[in-house]
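Visitor: The structure's right below; bear with me while I get my questions together.
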Amino acid sequence: MINHKLLDPKSIVVVGASNDVHKPGGKVLANLLNSNFKGTVYAVNPKEEEVQGVKCHHNVEELPEVDCAILAIAAKYCPSTVDVLALQKNTRGFIILSAGFGEENAEGAAFEKHIADTINSVGGSLIGPNCTGFLNTNYCGAFDAPIPPLNPQGVDFITGSGATAVFIKEYGITNGLSFNSVWAVGNSAQTGIEDVLEHLDETFDPQKSSKVIMLYMEKVSDPKRLLKHSTSLIAKGCKIAAIKSGGSAAGSRAASSHTGALATSDVAVDALFRKAGIVRCHNREELTTVCAIFMHPEVKGKRIAVITHAGGPAVMLTDVLSNNGLDVPHLEGPAAQELLGKLFAGSSVGNPIDFLATGTAEQLGTIIDYCENQFDNIDAMCVIFGSPGLFANWEVYDVLDQKMKTCKKPIFPILPSIINVKDEIADFIKNKHRINFPEECVFGNALAKVVNTPKPQPANPEMPAIDVSAIRKVVDNCQNGYLGLTEIRQLLDAAGIDRKREVEVDKEADAVAFAREAGYPLVMKVVGPVHKSDVGGVVLNVKDEETVIREFNRLIKIPETYAVEMYPMLFGTEVFIGSSREAKFGHQVLFGLGGIFVEVMKDVQAALAPVNVDEAKSLIQKLRGYKIIKGVRGQEPVNEDKFAETVARVSALVQAAPEIAEMDLNPLLGTSKGLTAVDARIRIEK
């Protein structure tokens with residue numbers, strides 16, 4: 001739990017306070033003095049008697065007891081300063097702005113550890129070091145600018161980068177976004193992003209707490225805690241949007257299986273955010289726009305009315321919405337004709353509803369009323385209204401504000417004329433406390449992300465029954481590395497995963513005997529080489545004994561081959577299921593169409609275990625090749641229920657055997673009756 005003296009101190013000292021507001025110690029003191037803080041402010045600087053009107057102490061030993069300390073001094077002086085404050089002055093809140101800690105060298109890391117240990121020993125809380133600070137509605141303990149408009153119902157912003165926080169705040173503030181708190185956690189020596197989420201979760205008050213959380217993170221330190229508290233907060237009514245940067249480097253990791261090559265850390269982040277219900281964003285503009293949408297009433301459907309006096313932006317917005325799975329439904333019938341009669345000649349109401357450049361504030365109000373009360377196939381409205389510079393928009397924006405207060409359906413204002421009617425927009429933001437979405441396509445993409453992000457998955461979903469004791473017996477008795485066919489068969493059978501029935505032979509006579517018993521056509525594969533196809537180790541459609549003898553003698557001579565696998569040839573649509581264990585995240589389960597779709601197009605979905613049947617089915621339906629699974633042009637469909645069940649069984653298997661580092665079922669052959677695993681590879685890493 002974060003100490004209350006950090007959040008709502010009655011006294012604060014700035015150590016390293018300065019009269020120079022271009023230095024962190026000067027700027028943080030100025031920001032503090034200009035903030036809402038009502039308590040006592042102290043300053044420490046050995047060279048000054050007074051700093052910015054505050055009486056100055058020469059060292060921390062001279063101070064009385066003080067609740068919270070902001071340090072802007074060299075890293076080497078911070079450990080001893082913290083010792084005095086924590087152990088002698090009853091200080092429990094610490095914000096360390098200084099750099100030169102673990103981000104630089106081993107000596108700095110030792111300073112950082114000493115500080116965290118001291119603060120932990122007294123139950124205190126630390127933001128930083130190497131950060132821009134912390135602010136909330138009680139006080140500003142940050143040295144950066146701008147200081148955003150503060151509102152208890154504004155955004156709680158948690159960031160691992162102070163500089164990025166500045167740029168995110170600037171963009172958000174410009175368009176009217178307000179904030180409740182900003183946590184720039186820096187090195188997170190004690191308090192990281194997951195700790196702040198835990199605090200917000202455990203102290204959540206449905207009447208008082210902010211319900212919008214914005215995250216910027218360059219690492220996910222504790223995925224399980226992030227999932228737990230994000231899911232809990234969203235269940236309580238919060239909405240969360242996040243940027244996780246730095247994912248591209250992980251994609252270059254070499255791996256020996258399809259699953260390993262696909263299951264990068266960034267894929268795991270995607271899966272984590274989706275399971276938690278977090279809207280993942282990829283840039284500052286998108287992040288602030290998503291959070292601005294969160295500040296409006298929730299959109300409870302995908303049917304959007306586009307209301308405009310300018311055709312071009314409306315067409316572009318309609319394209320973006322439609323291309324991202326939202327609907328801009330056609331409006332027709334008596335109500336539509338009645339509305340058309342109330343507009344100027346040349347207007348159209350089919351949706352987009354275009355009431356022309358000459359449209360009036362009164363007409364806008366009428367259109368909104370019809371979308372609210374007459375059109376039952378509309379869930380939300382987007383109003384695009386700018387100005388060519390010929391007239392003012394005061395009356396229009398007054399009407400828009402009033403309708404936003406009274407309508408139950410969400411209304412999103414897209415006011416693009418940030419120069420021509422800048423005064424009206426400034427009034428709309430500052431005095432009416434509204435948010436503007438200045439660019440329609442940015443807004444459309446963000447709205448689609450919000451609407452299309454699923455609700456959090458249950459923490460303990462119902463899973464298929466599997467034979468855990470049989471699985472453990474196999475895994476406990478095997479060595480690290482790739483399992484043999486016998487062990488793979490035992491694991492698949494224990495997990496209830498249908499598989500082909502095959503034999504391994506190392507003598508020509510045994511190959512001939514199996515062929516005579518099983519019949520034709522047959523498949524023959526090398527056992528030993530990792531990539532069978534690459535070494536010419538796969539033969540399909542073997543139809544006679546002569547071919548069996550010839551191919552056996554060829555295959556058995558391929559380097560690293562110690563046997564030949566044989567089984568009756570199966571038919572169906574190739575699909576793929578695999579799993580990979582990712583550090584900290586646990587197991588990902590990946591699945592999609594097999595063959596070229598996984599190797600070249602990488603048309604896969606990924607989910608973090610546990611994955612139940614419902615989650616698997618919802619993701620299968622997001623595959624680009626989903627129509628192939630449904631069956632196209634007379635092709636037999638894949639049994640979707642069995643596909644989803646097999647995904648869930650793989651998830652249950654890797655949870656029962658977390659030692660499975662990588663697993664491929666590729667291909668599985670799918671028909672309308674079920675799925676059969678044709679080839680499987682499982683690597684154990686204990």
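The values are calculated or read from the model by the stated rules, or taken from the named source; none is laboratory data. This is a predicted model, so every value here is computed, not measured. Neighbour counts run over all protein chains shown; Cβ positions are idealised from the backbone, glycine included. Note: accessible area is taken over every heavy atom of the protein model, side chains too, but ligands, DNA and RNA are not part of it. Shrake-Rupley method; radii C 1.70, N 1.55, O 1.52, S 1.80 Å.
Visitor: Identify, please: which residue in the range 191-216 is in a loop (DSSP other than H, G, I, E, B) and open to solvent by 20 Å² or more (accessible area, probe 1.4 Å) and is, among those, nearest to Glu112 (Cα to Cα)?
Guide: Checked the range 191-216; the qualifying residue nearest to Glu112 (Cα to Cα) is Thr203.
Visitor: Scanning for something open to solvent by less than 10 Å² (accessible area, probe 1.4 Å) and closer than 13 Å to Ile497 by Cβ, does the range 636-643 turn up at least one residue?
Guide: yes
Visitor: What residue, among those in the range 539-555 that are in a strand (DSSP E or B) and surrounded by fewer than 17 Cβ atoms within 10 Å (Cβ to Cβ), is farthest from the chain's Cα centre (by Cα)? Give the derivation first.
Guide: First pass over the range 539-555, keeping only residues in a strand (DSSP E or B): 539-542.
Still in the list and also surrounded by fewer than 17 Cβ atoms within 10 Å (Cβ to Cβ): 540-541.
On the way: Leu540: 43, Asn541: 45 Å.
That would be Asn541.
Visitor: Working only within the range 166-185, note down all residues that are part of a helix (DSSP H, G or I) and out of contact with any Asp or Glu (no Cβ under 9 Å at 6 or more places or on another chain). I'd like the intermediate steps shown before the answer.
Guide: Initially, the range 166-185 is screened for residues part of a helix (DSSP H, G or I), giving 166-174.
Selection gives Phe167, Ile168, Glu170, Gly172, Ile173, Thr174.
Visitor: Only one of (1) in contact with a helix residue (DSSP H, G or I) (Cβ under 7 Å, 6 or more places away or on another chain); (2) modelled with pLDDT under 95 fails for Glu104. Which number is that?
Guide: Here Glu104 meets the rest and fails (1).
Visitor: Is it the case that Ile147 is aliphatic (A, V, I, L, M), touching a residue at least 60 places away in the same chain (Cβ under 8 Å) and in a loop (DSSP other than H, G, I, E, B)? Steps first, please.
Guide: Values: aliphatic (A, V, I, L, M): yes; touching a residue at least 60 places away in the same chain (Cβ under 8 Å): yes; in a loop (DSSP other than H, G, I, E, B): yes.
Answer is yes for this residue.
Visitor: Output the qualifying pairs, or none if there are none: Cβ atoms under 6 angstrom, residues six or more apart or on different chains, first residue in the range 428-453 and in contact (Cβ under 8 Å) with a residue 24 or more places away in the chain and surrounded by fewer than 19 Cβ atoms within 10 Å (Cβ to Cβ), second residue assigned to a helix (DSSP H, G or I) and among the polar types (S, T, N, Q).
Guide: As it stands, the answer is Val442/Thr289, since those pairs meet every condition given.
Matching residues to (1) of a type in the set (A, V, I, L, M, F, W, C); (2) at pLDDT 95 or above; (3) crowded, with 17+ Cβ neighbours inside 10 Å; (4) within 20 Å of Ala680 (Cβ to Cβ):
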residue	(1), (2), (3), (4)
Ala459	yes, no, no, no
Asp467	no, yes, no, yes
Asn480	no, yes, no, yes
Lys507	no, yes, no, no
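Visitor: Consider Phe571 against the criteria (1) in contact (Cβ under 8 Å) with a residue 24 or more places away in the chain; (2) surrounded by 14 or more Cβ atoms within 10 Å (Cβ to Cβ): it satisfies all of them except one. Which criterion is unmet?
Guide: Result: Phe571 fails condition (2) only.
Visitor: Going through the range 672-686 one residue at a time, which ones are touching a helix residue (DSSP H, G or I) at 6+ places or on another chain (Cβ under 8 Å), open to solvent by 20 Å² or more (accessible area, probe 1.4 Å) and β-branched (Val, Ile, Thr)?
Guide: If the condition is that a residue be touching a helix residue (DSSP H, G or I) at 6+ places or on another chain (Cβ under 8 Å), open to solvent by 20 Å² or more (accessible area, probe 1.4 Å) and β-branched (Val, Ile, Thr), then no residue fits.
Visitor: Look at the range 570-610 and say how many of its residues are within 14 Å of Leu665 (Cβ to Cβ) and among the acidic types (Asp, Glu).
Guide: Count: 1.
Conditions tested, residue by residue: (1) modelled with pLDDT of 95 or more; (2) open to solvent by 30 Å² or more (accessible area, probe 1.4 Å); (3) not small (Gly, Ala, Ser).
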residue: Glu218; (1), (2), (3): no, yes, yes
residue: Leu226; (1), (2), (3): yes, no, yes
residue: Ser230; (1), (2), (3): yes, no, no
residue: Lys236; (1), (2), (3): yes, yes, yes
residue: Gly246; (1), (2), (3): no, yes, no
residue: Ala249; (1), (2), (3): no, yes, no
residue: Ser252; (1), (2), (3): no, yes, no
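Visitor: Filter the range 366-407 down to the residues that are touching a Gly at 6+ places or on another chain (Cβ under 8 Å) and aliphatic (A, V, I, L, M) and list them by number.
Guide: Across the range 366-407, the qualifying residues are Ala380, Val399.
Visitor: Oh, and also: Looking at (1) crowded, with 19+ Cβ neighbours inside 10 Å; (2) of a type outside the set (Lys, Arg); (3) at pLDDT below 95, can you tell me which one Glu49 breaks?
Guide: Checking Glu49 against (1) crowded, with 19+ Cβ neighbours inside 10 Å; (2) of a type outside the set (Lys, Arg); (3) at pLDDT below 95, the one that fails is (1).
Visitor: Assess whether Glu582 counts as being of a type in the set (Asp, Glu) and within 30 Å of Lys630 (Cα to Cα).
Guide: Details: of a type in the set (Asp, Glu): yes; within 30 Å of Lys630 (Cα to Cα): no.
Taking the combined requirement at face value, the residue does not satisfy it.
Visitor: Would you mind stating whether Ala74 is open to solvent by less than 30 Å² (accessible area, probe 1.4 Å) and at pLDDT 95 or above? Steps first, please.
Guide: On the way: open to solvent by less than 30 Å² (accessible area, probe 1.4 Å): no; at pLDDT 95 or above: yes.
Criteria not met by Ala74.
Visitor: Condition first: crowded, with 20+ Cβ neighbours inside 10 Å, more than 19 Å from Gly162 (Cβ to Cβ) and not β-branched (Val, Ile, Thr). Now tell me which residues in the range 12-36 satisfy that.
Guide: Matches in the range 12-36: Ala17 only.
Visitor: Looking only at the range 75-111, how many residues end up being touching a Gly at 6+ places or on another chain (Cβ under 7 Å) and either among the basic types (Lys, Arg) or within 17 Å of Cys131 (Cβ to Cβ) (or both)?
Guide: 12
Visitor: For Val613, only one of the following conditions fails: (1) within 20 Å of Asn666 (Cβ to Cβ); (2) in contact with a helix residue (DSSP H, G or I) (Cβ under 8 Å, 6 or more places away or on another chain); (3) surrounded by fewer than 23 Cβ atoms within 10 Å (Cβ to Cβ). What is its number?
Guide: (1)
Visitor: Could you tell me whether any residue of the range 151-159 is touching a helix residue (DSSP H, G or I) at 6+ places or on another chain (Cβ under 6 Å) and either over 30 Å from Glu424 (Cα atoms) or basic (Lys, Arg) (or both)?
Guide: Within the range 151-159, one or more residues are touching a helix residue (DSSP H, G or I) at 6+ places or on another chain (Cβ under 6 Å) and either over 30 Å from Glu424 (Cα atoms) or basic (Lys, Arg) (or both).
Visitor: A follow-up question, please. Out of the residues in the range 386-401 that are open to solvent by less than 70 Å² (accessible area, probe 1.4 Å) and outside any helix (DSSP H, G or I), state the one that is farthest from Phe412 (Cα to Cα).
Guide: Gly389
Visitor: Testing Ser188 on (1) open to solvent by 10 Å² or more (accessible area, probe 1.4 Å); (2) among the polar types (S, T, N, Q); (3) assigned to a loop (DSSP other than H, G, I, E, B); (4) in contact with a strand residue (DSSP E or B) (Cβ under 6 Å, 6 or more places away or on another chain), one condition comes back false. Which one is that?
Guide: It fails just one condition, (4).
Visitor: Identify all residues within the range 99-135 that are of a type in the set (S, T, N, Q) and surrounded by 22 or more Cβ atoms within 10 Å (Cβ to Cβ); write none if there are none.
Guide: So the first thing to find is which residues in the range 99-135 are of a type in the set (S, T, N, Q), and the list is 105, 118, 120-121, 125, 130, 132.
Matches in the range 99-135: Ser125, Asn130, Thr132.
Visitor: Now for a separate question. Would you pick out the residues in the range 364-391 that are polar (S, T, N, Q) and within 14 Å of Thr308 (Cα to Cα)? Don't jump to the end; show me each part of the working.
Guide: Here is the first cut: in the range 364-391, the ones polar (S, T, N, Q) are 366, 373-374, 377, 387.
Residues satisfying the conditions are Thr366, Ser387.
Visitor: Among the residues of the range 77-98, what is the count of those that are out of contact with any Asp or Glu (no Cβ under 7 Å at 6 or more places or on another chain) and either among the β-branched types (Val, Ile, Thr) or open to solvent by less than 50 Å² (accessible area, probe 1.4 Å) (or both)? So that I can check it myself, show each step before the final result.
Guide: Pass one, the range 77-98, residues out of contact with any Asp or Glu (no Cβ under 7 Å at 6 or more places or on another chain): 77-83, 85-88, 94-98.
Add one more test, that the residue is either among the β-branched types (Val, Ile, Thr) or open to solvent by less than 50 Å² (accessible area, probe 1.4 Å) (or both), and what stays is 78-79, 81-83, 85-86, 94-98.
Counting residues in the range 77-98 that are out of contact with any Asp or Glu (no Cβ under 7 Å at 6 or more places or on another chain) and either among the β-branched types (Val, Ile, Thr) or open to solvent by less than 50 Å² (accessible area, probe 1.4 Å) (or both) gives 12.
Visitor: If you take the residues in the range 263-278 that are in a loop (DSSP other than H, G, I, E, B) and modelled with pLDDT of 95 or more, which one is nearest to the chain's Cα centre (by Cα)? Can you show your working first?
Guide: Quick first cut of the range 263-278, residues in a loop (DSSP other than H, G, I, E, B) only: 263-264, 277-278.
Of the ones still in play, those that are also modelled with pLDDT of 95 or more are 277-278.
Numbers: Gly277: 8, Ile278: 5 Å.
Residue satisfying both the conditions and the ranking: Ile278.
Visitor: Kindly provide the set of residues from the range 655-671 that are open to solvent by 10 Å² or more (accessible area, probe 1.4 Å) and more than 26 Å from the chain's Cα centre (by Cα), ordered by number.
Guide: Across the range 655-671, the qualifying residues are Ala656, Glu659, Asn666, Pro667, Leu669, Thr671.
Visitor: Sticking with this one: Taking Val421 and the conditions (1) open to solvent by less than 40 Å² (accessible area, probe 1.4 Å); (2) β-branched (Val, Ile, Thr); (3) over 15 Å from Gly176 (Cα atoms); (4) in contact (Cβ under 8 Å) with a residue 60 or more places away in the chain, which numbered condition does it fall short on, given that it satisfies the others?
Guide: (4)
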